[in-house]
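The values are calculated or read from the model by the stated rules, or taken from the named source; none is laboratory data. These figures come from a predicted structure and were not determined experimentally. Every residue, glycine among them, receives a Cβ derived from its backbone with ideal geometry; neighbour counts consider all protein chains shown. Note: areas computed on protein heavy atoms with side chains; ligands, DNA, RNA excluded. Shrake-Rupley method; radii C 1.70, N 1.55, O 1.52, S 1.80 Å.
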Amino acid sequence: MIHSLFLVNSSGDIFLEKHWKSVVSRSVCDYFFEAQERASEPENVPPVIPTPHHYLISVLRHRIYFVAVIQSEVPPLFVIEFLHRVVDTFQDYFGVCTEAAIKDNVVVVYELLEEMLDNGFPLATESNILKELIKPPTILRTVVNTITGSTNVGEQLPTGQLSVVPWRRTGVKYTNNEAYFDVVEEIDAIIDKSGSTITAEIQGVIDACVKLTGMPDLTLSFMNPRLLDDVSFHPCVRFKRWEAERILSFIPPDGNFRLLSYHVSSQNLVAIPVYVKHNITFREGSSQGRFELTLGPKQTMGKGVEAVLVSSQLPRGVLNTNLNPTQGTYTFDPVTKLLSWDVGKINPQKLPSLKGSMSLQAGASKPDENPTINIQFKIQQSALSGLKVNRLDMYGEKYKPFKGIKYMTKAGKFQVRT
Amino acid sequence: MLRLVWLHKTENERRVMIARGKNASDLFPAVVKNVACKNIEVKKLVYVYLVRYAEEQQDLALLSISTFQRGLKDPNQLIRASALRVLSSIRVTIIVPIMMLAIKEAASDMSPYVRKTAAHAIPKLYSLDPEQKDCLIEVIEKLLADKTTLVAGSVVMAFEEVCPERIDLIHKNYRKLCNLLIDVEEWGQVVIINMLTRYARTQFLNPNMNEGGGEKKKTEATAIVRRKPYVMDPDHRLLLRNTKPLLQSRNAAVVMAVAQLYFHLAPKAEVGVIAKALVRLMRSHSEVQYVVLQNVATMSIKRRGMFEPYLKSFYIRSTDPTQIKVLKLEVLTNLANETNISTILREFQTYIKSNDKDFVAATIQAIGRCATNIGEVRDTCLNGLVQLLSNRDELVVAESVVVIKKLLQMQPEQHSDIIKHMAKLTDNIQVPMARASILWLIGEYCEHVPKIAPDVLRKMAKTFTNEEDIVKLQIINLAAKLYLTNSKQTKLLTQYVLNLAKYDQNYDIRDRARFIRQLIVPTDKSGALSKYAKKLFLALKPAPVLESPFKDRDHFQLGSLSHLLNAKAGGYQVLPDWPEAAPDPSVRNVEVKESVRAVETVTARDRGPLGAPQNQRGQSSGEDEKKSEKKSKPRIGSSESESEEDNDSESESSESEEESEEESEEEIKKKKKTHTHTQRDKTHTFYIGVQMFATICKPAWLNMQFLLNPLPVSVPQTIVPSGNLKTYELLHRITGEGLSVEYCFSRQPFSPDPHMVAVKIQFTNSATSEAKSLHVEDAKLQSGMRIKEFPEIEVLPAGETVSVVMGIDFCDSTQAANFQLCTHTRKFFVSIQPPVGELMMPIFMTENEFKKEQGQLMGMNEITEKLTLEEKCQGEHAIVQRVTTAANLSRVPCGSDKECRFAGKTVTSGSLVLVSVVTKENGAAQLTVNCEKMVIGTMLVKDILQALTQ
């Protein structure tokens, strides 16, 4: 399966390599560098590159390429999914997954990689089991380790690997028992020039933070489970029960995890929470262009739209802009031609707008493309699809846990064409 | 020096040194020493280091082997597993035999986790030494029969790497794999699903066979001719049903695996379910999107309807990477049909305005394909493309020209104005491909533009020398065509162009010029061909078909690397075509096995390829049953003769058993000498394994002599006449509600496990109704004790008697084995307590051996008692009879008639038991028992005393 892994930074240096079978020479990455040169953008490097003797499968996360070397047939998604799992694990352990973080924790990184794959086949990828094997580094532990010479490697043997619920470790104890669930929905939409919706879908997840003693068995029920017709679950969820009763029944992993993610795609269910009025024009012959943009709330169920950020890639011909925001700040990078406007909160009484002129390259003809506008926002205390949790019950343990649920809506890939 | 450096480093520095692994191979000896280090982290890093550098420093790596061998015997399963894991990762050929044995042993370990590790080790060993394939297949076969989810994924992975062609190994495990699938860890699921896809293709019939080729939508719609009713194999259905929930997995690879399974195996009407899941994956990371879109592109050609409802999910965002945009375009184009083309074209219009020029070019190509596929929109598309010709971006224009050329070829008559328009473009467009296309168009349809064509040629002749090669070729082409149709105006121009071409640098162009000159310019020498020049040049050319690059990619298994690259990758297993007629489905039937199979002990013999050759014991006792049944039917009531018959048959079968036992014993000896590990009798090879590892873990790890160590395996003998067996009651007729059960210690060796005592159990049904499904359940045993249940008795008719044999490992103690005896209605708590004499088995010894062994078992191990023999038993014969009845011992030949000697060994631990009875005058005698186990000795003395004095 996976033969070797190389980590390549944005300047094209291999800063870490790990081999699970016999050693593969670094020079195999030359094919990758070639492809990297050919690609105009970093994300345009093809994920699968064939070379005479190997296949390179890479993912790009946090401006680091994780390049896996494969020697024979294996489903590419298998490798890609695994590489992403590696990145997630690093992020989980070190907080960030940057070159510096990896270099600082090189020992832990090697220990992790060694446990995650055996002879190229995934062995322990559950973060819960890994954390039992290798303790995540914390500042305190680093200090203690340097003084006492003790280690990150867990002294106990990882019993989780053997249990029927591999995702949960045994003997969990908390003084405060609590279970929090965050329903987070992201709305992806394309709005066309005239303001009508071309496509809109909601991608939702329920992230949980469960700190409960012992082996609790939870059930979570929804007011409107019918919304969830396209879902994927954490392995802990009992699928049969969901099929039969539309109730989520599970023994939760300890700590943070993603319980389920769902997808609402039918148009009528998706309400677009903001609208944009825009007028971006370039006139033939003049070196000036007009730029007007106004944002307003729409169908937000009374909740405020916050943390609004507008960004747009202006055409290459634009030299500079001279704009006036009614609120927030805007920046324009004349090199990358990226305009971004940090709006903040939308006040329905006084709608934020950005107006002014753009100066174009003199003599050049008017750009024929109009920029698209990307919008980010957050709406607290509301899930756009209307999903509501009904109740959470716990069985199997005697104590009363503290329960909490939070809803949030965010913009995902929200684009307005002009 | 290096060692000093190493020792002086602090622990933390060492960690870093090992982890970095930079040029660290010269430190190898110093590092390997730390393999026995107490610090777990250092230990683990040493493992990492060892595995990395072992190949380069083979001799030194061997130093560490003994540590792992010790680990293999650790009582903690996790340590056993990790020792096996590291041992098998050391790529040094000389330890192959050690690895092989370790894997075999681990494959029958009690712990599923260790068995999983064994499955992981198989491909490692295989890559190190492919010659071990046959042995490894046996281990794989055994592990495939494992019933735990932990093992399933890993063993299928090993199967795929070592012997993917041995599809026959799957038959028996097919249903089990299907049922376990949902609980297997996600990576294992992917491997199993891919393997089962291939399996299903060889074993089941095509569910879509009634739909002709199933290629084009039109033929599908019209020609549904039912040849014969198709009925899906229930196993096929099982696979589809059990994989469907996995579409909900969070792991994209699992979802993709299920999707390809449905695409390749499901009836057409059911394939649709995968679309939703695949569309959901599109929200994932761009690499995942890339792979999923490639597969969707292939699927959407074959099954367009499936993705049509999700058309809008494939709309392109300006922030998508180019490679994703291009793939989405591909899917959109495949999905286009008469009803949705207008929306798709509107979408395309926005795309054309994009900043990303590669993407724009791809969009134009896509428009061209839509136009060729859907006749209704051809004109609209063409007009749109023509408008693009006035685009400022040259690339866009060039791409449009190329596409327009292809479109025009379909119906040139109506579009002479477009051709005229394009002719004008030659002044501006510089992209060679576009220029070449325009020239070709004008040449091809010169009769539609008779006035412009010569003028274009004139302009081209002027710039000929500065053109690119493909353009030059097209200029020559144009000249030739014009010469043939309009020689009056263009004769000189053609000559001029041909002359220029004659001295061109490119030999292709020179050749072409020469060839054309001969063909079209009539000279005296010109051959017969020139008559046909017009036909050659102006023949009607078929319009090009614009095809998706993803067409016919589905002959590769979807989701595979080969499919993605559209080229066969190494190790790719071809997805076979459906068979014409389904192979025999009964191969997948699994016989209901004895429940003992679930408790994986060392009984490995029973896993034959068909499951039929179960262990000999089971079989012979089965035969017993049949025989006794047959015999008892005609003469119910004559219980005496019946039991006689029964015993006869029993001893018959046991004789044959002995023979085979002896045979295999010899085999083992042979094996020991030749070091070959072909195993015909796994139980015994395992036994060697145990012995071997007992020896191997001495520091002299490489000393292969251990294989020659003598084995304390005795040749079992049955001497006790069956009539002497004492029967005990297990269940009384009244408490058992008509079912009475008796047992006796048959004193036969229990062949599935030599460490067990064979207990013969006889069921008599004296009730009026029949008893069903008699079996053992819920054994409550002291630690270390084990039970091997008898095969379930399905029916015991009223008045009948049946006997079976079960094995119990009492661990050399007289503690009772408690278990439940179940019928279909009741459960009875019963217990079997062995007399101490049944815990041993006879061995043969010579007198000298006896004396020697006795000499070694003196002191505490010797118990002597004086006794007075009973009157009746003062003869030698009587003594022998009474002693052998009390204990399962065999007589040792003895010179004196005053002394009787007996020898045996305990069943579980194999400790020697030596008994001697010396008779004196007046019935006085002295009994001596020598036994390593003092408790056994004391109890045995008591029992024999009782037997002799009463």
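Considering only residues in the stretch B:70-81 that are part of a helix (DSSP H, G or I) and surrounded by fewer than 22 Cβ atoms within 10 Å (Cβ to Cβ), the one that is farthest from the other protein chains (Cβ to nearest Cβ) turns out to be B:Arg70. All of (1) modelled with pLDDT under 85; (2) under 14 Å from B:Val456 (Cα atoms) hold for B:Ala480 with one exception: (1). Evaluated against (1) more than 14 Å from chain A (Cβ to nearest Cβ); (2) farther than 15 Å from B:Ala480 by Cβ, B:Phe556 falls short on exactly one condition, (1). Could you go through the stretch B:916-936 and let me know if any residue there is part of a helix (DSSP H, G or I), within 25 Å of B:Leu725 (Cα to Cα) and in contact with a strand residue (DSSP E or B) (Cβ under 9 Å, 6 or more places away or on another chain). Yes - at least one qualifying residue is present in the stretch B:916-936. A single entry from B:Ser769, B:Ser773 fulfils the requirement of being hydroxyl-bearing (Ser, Thr, Tyr) and not in a strand (DSSP E or B): B:Ser769. All told, A:Glu81 meets the bar of being surrounded by 23 or more Cβ atoms within 10 Å (Cβ to Cβ) and among the charged types (D, E, K, R).
Contact annotation: residue pairs with Cβ atoms under 8 Å, 6 or more positions apart or on different chains, pairing a residue in the stretch B:126-153 that is over 18 Å from B:Ala102 (Cβ atoms) with a partner that is surrounded by fewer than 17 Cβ atoms within 10 Å (Cβ to Cβ) and of a type in the set (Asp, Glu), are B:Thr149/B:Asp183.
Number of residues in the stretch B:308-321 that are in a helix (DSSP H, G or I) and modelled with pLDDT under 90 equals 6.
Are there any strands (runs of 3 or more DSSP E) wholly within the stretch A:263-375 with 2 or more residues that are over 24 Å from A:Glu186 (Cβ atoms), free of Cβ contacts under 8 Å to residues at least 12 places away in the same chain and open to solvent by 20 Å² or more (accessible area, probe 1.4 Å), and if so which? Please lay out each step first, then the result.
Details: elements: A:274-282, A:288-297, A:305-313, A:318-325, A:329-333, A:338-344, A:353-360.
Qualifying strands (runs of 3 or more DSSP E): A:329-333.
When the stretch A:208-234 is limited to residues that are open to solvent by less than 10 Å² (accessible area, probe 1.4 Å), of a type in the set (A, V, I, L, M, F, W, C) and in contact (Cβ under 8 Å) with a residue 40 or more places away in the chain, the one that is farthest from A:Lys400 (Cα to Cα) turns out to be A:Leu228. Restricting B:Glu330, B:Glu338, B:Glu270 to residues that are within 29 Å of B:Leu385 (Cα to Cα), surrounded by fewer than 23 Cβ atoms within 10 Å (Cβ to Cβ) and more than 11 Å from chain A (Cβ to nearest Cβ) narrows the list to B:Glu338.
Condition first: in a loop (DSSP other than H, G, I, E, B) and either closer than 18 Å to A:Val389 by Cβ or more than 11 Å from every other protein chain (Cβ to nearest Cβ) (or both). Now tell me which residues in the stretch A:232-256 satisfy that.
Step one: filter the stretch A:232-256 for residues in a loop (DSSP other than H, G, I, E, B), giving A:234-236, A:238, A:246, A:251-254.
A:His234, A:Cys236, A:Arg238, A:Arg246, A:Ile251, A:Pro252, A:Pro253, A:Asp254, listed by residue number.
If you filter the stretch B:868-897 down to residues that are more than 60 Å from the chain's Cα centre (by Cα) and among the hydrophobic types (A, V, I, L, M, F, W, C), you find that the one that is modelled with the lowest pLDDT is B:Cys873. Looking at the stretch B:761-807 only, could you name the residues that are in contact with a Leu (Cβ under 8 Å, 6 or more places away or on another chain) and within 21 Å of B:Thr906 (Cβ to Cβ)? Across the stretch B:761-807, the qualifying residue is only B:Ile787. Of all residues in the stretch A:76-129, those satisfying the criterion of being out of contact with any helix residue (DSSP H, G or I) (no Cβ under 7 Å at 6 or more places or on another chain), over 24 Å from A:Pro253 (Cβ atoms) and in contact (Cβ under 8 Å) with a residue 40 or more places away in the chain are A:Val79, A:Glu99, A:Lys103, A:Gly120. Can we say A:Ile70 is buried (at least 19 other Cβ atoms within 10 Å of the Cβ), within 10 Å of another protein chain (Cβ to nearest Cβ) and on the phi < 0 side of the Ramachandran plot? Yes, satisfied.
I'm checking my understanding of the structure. Among residues of the stretch A:73-100 that are under 16 Å from B:Trp187 (Cβ atoms) and of a type in the set (A, V, I, L, M, F, W, C), which one is farthest from the other protein chains (Cβ to nearest Cβ)? Can you show your working first?
Of the residues in the stretch A:73-100, the ones under 16 Å from B:Trp187 (Cβ atoms) are A:73-86, A:88-89.
After this cut, where a residue has to be of a type in the set (A, V, I, L, M, F, W, C) as well, the list is A:74, A:77-80, A:82-83, A:86.
Numbers: A:Val74: 6, A:Leu77: 4, A:Phe78: 4, A:Val79: 8, A:Ile80: 5, A:Phe82: 8, A:Leu83: 8, A:Val86: 13 Å.
The residue in question is A:Val86.
Checking each residue in the stretch B:273-306 for being open to solvent by 20 Å² or more (accessible area, probe 1.4 Å), β-branched (Val, Ile, Thr) and within 13 Å of chain A (Cβ to nearest Cβ) picks out only B:Val273. If I filter the stretch B:443-451 for residues that are modelled with pLDDT of 80 or more and under 30 Å from B:Val331 (Cβ atoms), do I get at least one hit? No, the stretch B:443-451 contains no residue that is modelled with pLDDT of 80 or more and under 30 Å from B:Val331 (Cβ atoms). All conditions but one from (1) under 24 Å from B:Lys73 (Cα atoms); (2) crowded, with 23+ Cβ neighbours inside 10 Å; (3) within 14 Å of another protein chain (Cβ to nearest Cβ) apply to B:Ala102; the one that does not is (3).
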